[in-house]
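Every number here is computed from the coordinates shown, using simple stated rules; none is lab data. Note that the structure is predicted; figures quoted are calculated from it, not measured. When we count neighbours, we look across all protein chains shown, and the Cβ atoms used for this are built from the backbone with ideal geometry, even at glycine.
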Amino acid sequence: MKKHPNYGHIIKTRISSAIYQAMNRRCNQTGETLDHIIQTALATELNINHHTLFQVSTSTALVQGIYNGCMSIAEIKKHGNFGLGTFDELDGEGILLDGVAWQARGDGSVVIAPDTALAPFWVVTKFTPQITTKINCIKSFADLCKQIDTLRTSQNIFSSICIKGIFKNIKYRVACRTRQGIDLVTATNNQAIFKVEECSGTLIGFWSPQYAKTLNVPGYHLHLLSDDHKHGGHVLEVSGSDLKLQLAAESEFKVALPESAEFLQADLNIDPSASLAKAEGIKDT
């Protein structure tokens, strides 16, 4: 074994013809390189954490009103312990924290989501922070975004974000149940909005690059879960001090696409940016 100056260690080994043929078939099917297949297999076998985002459906499908659940919470949790999303027919906001999935409902309640619940859109990862730091003070959502910007190392890599502490003021919304086919902007006109002071809790979410706007919500997307599990939803505004921030770069991105008739027949050749900005209340990208 020797070390390559740019690519780490080079290992020469013998493998069976059957394994080599299987790897080549995988390359042809997925477009992955042999290096990637081998490293992924070894990391899984050796229990090394991957920095991978797994996503159900796309932001463009959500904008077009495709809300029918296509994957169960039980299946989603197989891909990570940290994430966010929504439920069948846009029935509330989803928060996955420490392996437990929560459903924030339009009536303001927060409950544990059953494993059988279905999701039309979800983003999940096995959260392994690479940066842990303290935020002394945030005055607004935009201010929070700017401070996280200084810690991100690339505009082209997804980031997962976890913020814990007591939030002086926080404003969040919860999507209300909507029938299939109603576009996201129209659907979120009926969203429930809540404001809480001195809220002890966790913000979890992601930053996504602009080039991924047809797949994920570009910029910052954060959901709240209070420590007492009485408050939860999509964050619109926030302020606070002495907060703990954890951040990780996610270098792999996998998407599971729905096979429903609605998805297969939808026109997804649109730029969803403007609609997402209105529906999600995006303040900063």
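What the phi angles of the range 236-251 give under the Karplus curve with 6.51, -1.76 and 1.60, with θ = phi - 60°, is a coupling list of 10, 8, 7, 9, x, 8, 6, 9, 9, 10, 10, 9, 9, 7, 10, 8 Hz, glycine and proline written as x.
Equivalent ellipsoid of the range 57-203: semi-axes from √(5λ) of the C-alpha gyration tensor, largest first, are 26, 19, 16 Å. With K and R counted +1 and D and E -1, the other residues having a Cβ less than 10 Å from that of K164 yield a net charge of 0.
Taken about its Cα centre, the chain carries a charge dipole of roughly 900 debye when the Cβ of each Lys and Arg holds +1 and the Cβ of each Asp and Glu holds -1. Dividing the summed helix terms, -39500 (n - 2.57) for each DSSP H run of n ≥ 4, by the number of residues in the chain produces a 222 nm estimate of -5500 deg cm²/dmol to the nearest 500. Protection proxy ranking, highest mean first, for peptides 267-274, 173-180: 173-180, 267-274, where packing is the per-residue count of other beta-carbon atoms within 10 Å, averaged.
By the beta-carbon count within 10 Å of each Cβ, the least crowded to most crowded order of S260, S208, S251, S275, fewest first, is S251, S260, S275, S208. For Y20 and N269, the FRET efficiency from 1/(1 + (r/R0)^6), where r spans their Cβ atoms and R0 equals 30 Å, is about 0.15.
Placing unit charges on the Cβ atoms of the charged side chains and taking the dipole of the chain about its Cα centre, the candidate lying farthest along the positive direction among C27, S109, M71 is C27. Among K254, K146, K77, K12, the order by Cβ neighbours within 10 angstrom, fewest to most, reads K12, K254, K146, K77. Summary of packing: across the peptides 201-207, 65-71, the per-residue average of other C-beta atoms within 10 Å ranks them, highest first, as 201-207, 65-71. The value of relative contact order for the range 56-214, using C-alpha pairs under 8 Å at least six residues apart, is 29 percent.
Could you please report the charge total around L245, scoring K, R as +1 and D, E as -1 over all other residues with beta-carbon less than 15 angstrom from its beta-carbon?
Neighbourhood net charge equals +2.
Going from the fewest other Cβ atoms within 10 Å to the most, the residues Y172, Y220 appear in the order Y220, Y172.
Counting only DSSP beta bridges whose two residues both lie in the chain, roughly 95 percent are antiparallel.
At the listed q of 0.13, 0.21 Å⁻¹, the Debye profile of the range 136-285, built from one uniform point per Cα, gives log10 I(q)/I(0) equal to -0.65, -1.42.
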